[in-house]
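Everything below concerns the one structure shown next.
Derivation of every value follows stated rules applied to the coordinates shown; laboratory data play no part. Since the model is a prediction, treat every value here as computed from it, not as a measurement. Using ideal geometry, Cβ is built from the backbone for each residue, glycine included, and neighbour counts are taken over all protein chains shown.
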Amino acid sequence: MRIRQHVNPLRSDYLSIPLEPLRLPAGSAIEVELGSADARFLMERAVEVPSGRYVGIEIRRGMVDVANRESVQRGLAQVQSVFANLSVDLPRLFQPESVTRFFINFPDPWFKQRQHKRRVVGEELIEQMLPLLKPGGEIHLATDIFAIALDAMAVLEREEPRGFANLRAPWSFLPASRFAARSRRERQCEAQGTRIWRLGYVRL
């Protein structure tokens, strides 16, 4: 089965996706990866911290099916991938203050100027994420595209009160990942020696 590498999240048929309910074991902590692809990162997180619950949001249905089959095969009931559009569906999936961490790992760059509106991290997404995070909850972003990292930092550190604090220092990148888990793209960048820009923020 061929799975598309990039999908336009603003296409009309992706703005009203019927959502499947979350089927996770009982617990409190929920970590969410936005654009989770094959959910390798979340599966490694589940091995690292088995008591957590992990949800991947992915707009490519075929990739969701592949990831969920692997989670079942590996006995990782605490990992679920969901076919959804993170641009509009987060409030439909999660209750206020129910998420411990959001991860955004290597979002699509959409290099062309006319495609910039499709980029994941912007004002609207941050406004959706803030009420869903628990106080003390975190947002982590990793990318090998400096422009994306800088744009995300500008949104999260704008002058008017946002409700987030940089985990290192204002306008600073994290020197290394705080987690043992790695996405497929992250391992590839590390193997090639490609610079990875990492951001971490906590909800005040």
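If the viscosity is 0.692 mPa s and the temperature 37 °C, what Stokes-Einstein diffusion coefficient in µm²/s follows for segment 12-203 when Rh is the Kirkwood radius over Cα pairs?
The Stokes-Einstein estimate is 194 µm²/s.
For segment 16-66 and segment 129-204, what is the centre-to-centre distance using only Cα atoms, to the nearest Å?
For segment 16-66 versus segment 129-204, the Cα centre distance is 19 Å.
Please give the length that would be gained between Ala77 and Glu20 if that part of the chain were fully extended, namely 0.36 nm times their separation in residues minus their C-alpha to C-alpha distance (nm, one decimal).
18.9 nm
Order these by the 10 Å Cβ neighbour count, fewest first: Val79, Val99, Val47.
The order, fewest Cβ neighbours first, is Val47, Val99, Val79.
If you average the sequence gap of Cα pairs under 8 Å that are 6 or more apart and divide by the length of segment 12-203, what percent do you get for the contact order?
This gives 22 percent for segment 12-203.
Rounded to the nearest 5, what is the percent of antiparallel bridges among the DSSP beta bridges in segment 12-203?
Antiparallel bridges: around 35 percent, rounded to the nearest 5.
For segment 54-113, give the magnitude of the charge dipole about the Cα centre (Cβ charges: +1 Lys/Arg, -1 Asp/Glu; no others), in debye to the nearest 20.
My answer is approximately 100 debye.
Run the simple label-point estimate for Ala147 and Arg168 please: 7 Å along Cα→C-beta, distance reported in nm.
Using points 7 Å along Cα→Cβ, the separation is 2.2 nm.
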